[in-house]
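**Student:** Sending over a structure as structure tokens; questions will come in a sec.
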Amino acid sequence: MVMNMKEESGAEVRNWLQVLMHQTESEVVAVGHLDASTRKLQWVEMCGHRNERTVAIRQRATQGLSGMALRAGRPMETKAPLGDGERFKLGEAIMLTESLSIAAAIPLKQDAQYNWIVLLGRRSGEVYTPQHLQIGRQWGEEFVKKMVV
């Protein structure tokens, strides 16, 4: 799968992610794309990660918070801080590799299908507000408009 930005370079996307990270008071922000042929979610770009292996994560489309959001077509979030065992059971790989206790996954449509995800994460225990989720959705919709897959 080849992805190119219509207008933005990789550095500009990272700058966008940093703005989103600041606006949503997140410690990690990632944008991922679902590859229809493999049914795997691939993280296209992220910001705030501490573990270099996080960028290479590929997970099944049915796993974790991201998988639930893609299937439901609506944002999914943790409602309380999760411990190690709860994060493992949830199956959201980025939450494990980055030690995130709170996360929100926002599904986005391209070509009438939910095949993009914006993942917001915090290591602190503060849950996301509806305003944070709205900011993530608005940012994601603008991002998807600029992508060619």
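No lab work stands behind these numbers, since they all come straight from the coordinates. All values reported here derive from a predicted model rather than from experimental measurement. Virtual Cβ from ideal backbone geometry, glycine too; neighbours counted across all protein chains shown.
**Student:** Take the stretch 101-128 and flag every residue that is buried (at least 20 other Cβ atoms within 10 Å of the Cβ) and touching a helix residue (DSSP H, G or I) at 6+ places or on another chain (Cβ under 7 Å).
**Tutor:** A103, A104, A105, I106, P107, L108, W116, I117, V118, L119, L120, G121, listed by residue number.
**Student:** Would you mind stating whether K109 is touching a Gly at 6+ places or on another chain (Cβ under 9 Å), farther than 20 Å from M21 by Cβ and among the charged types (D, E, K, R)?
**Tutor:** yes
**Student:** Kindly list the number of the only condition in (1) touching an Asp or Glu at 6+ places or on another chain (Cβ under 8 Å); (2) under 20 Å from T129 (Cα atoms) that fails for Q42.
**Tutor:** With (1) touching an Asp or Glu at 6+ places or on another chain (Cβ under 8 Å); (2) under 20 Å from T129 (Cα atoms) applied to Q42, the lone miss is (2).
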